[in-house]
1. Straight distance only, please: which aspartates and glutamates reach the Cα of Lys103 with their own Cα at less than 15 Å, same-chain residues fewer than 8 apart left out?
2. Along the range 112-126, what does the Karplus equation 6.51 cos²θ - 1.76 cosθ + 1.60 (θ = phi - 60°) give for ³J(HN,Hα), rounded to whole Hz, x for Gly and Pro?
3. For a 28 Å ceiling on Cα separation, which of these pairs sit above it: Lys40/Lys192; Lys67/Lys162; Lys56/Lys128; Lys67/Lys128?
4. Give me the net charge for the shell around Glu38: Cβ to Cβ below 10 angstrom, other residues only, Lys and Arg +1, Asp and Glu -1.
5. Relative contact order of the range 53-161, please, whole-number percent, based on alpha carbon pairs below 8 angstrom and at least 6 residues apart.
Amino acid sequence: MAAVLAATGLAVVGCSSSSDSSAPAAAGSTPPAAQTVETKVTIGSVAGNVRRPFRKNFARHRPHLEKQVGAAVDTWLDGGFVGVEYPRDAFPTAFAAFTSTAKHDARRQQRLLTNWRWRHDIDGVTTKQRTVVLDVLAPRGRPAVVTARVHLVFTTTGDVRKRVSVAGRLFLAQDRHGDWRIFGYDVAKGAK
């Protein structure tokens, strides 16, 4: 099962998006004891005018970019899959880092974008892998838009025992407050 969403009205090289005024949560609440795997965030490709003077400019932004985009992605991963206690009725923080348009669409696709299907049938999850690779559009060395390639693997415990893989791309841009927000996604989830 896969879903694709791209918010309209966002310039590819612009820094604005239609978003809520609330900033994304850092990484959700304190995860349960079983949560031991931290997200490994790395930079993949960088496109834009990154000739010599601009490489130095991008290097200056890199740590902040990895931290802030990683936190936005973690808000989704923790709030929707591995950072919450089970059983549960809802995933209220899963889409905190989404723009209002993306959040509206994501809530309609909770079965794909959270553990909605098994929320009452599992009593916990164990994270096996969490990686995020950032592909960055950085005109003049300044990050403008990011595609985060996400791969999450976890196992469930309880009445339903599954090995679940969530993989795909999240599309992010900064809002007017400078927070990185998810404005679109292309995600697949599988379990065996």
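We did not get these values from a lab; they are worked out from the coordinates using the rules stated. None of these values were measured; they are calculated from a predicted model. Note: ideal-geometry Cβ built from the backbone for every residue, glycine included; neighbour counts use all protein chains shown.
1. Those aspartates and glutamates meeting the cut-off are Asp20, Asp175, Asp186.
2. Once θ is set to phi - 60°, the couplings for the range 112-126 become 8, 9, 8, 8, 3, 4, 10, 4, 9, 9, 10, 10, x, 9, 10 Hz.
3. The pairs that break the limit, which is 28 Å between Cα atoms, are Lys67/Lys162; Lys56/Lys128.
4. Once positives and negatives cancel, what remains is +1.
5. Computed value for the range 53-161: 28 percent relative contact order.
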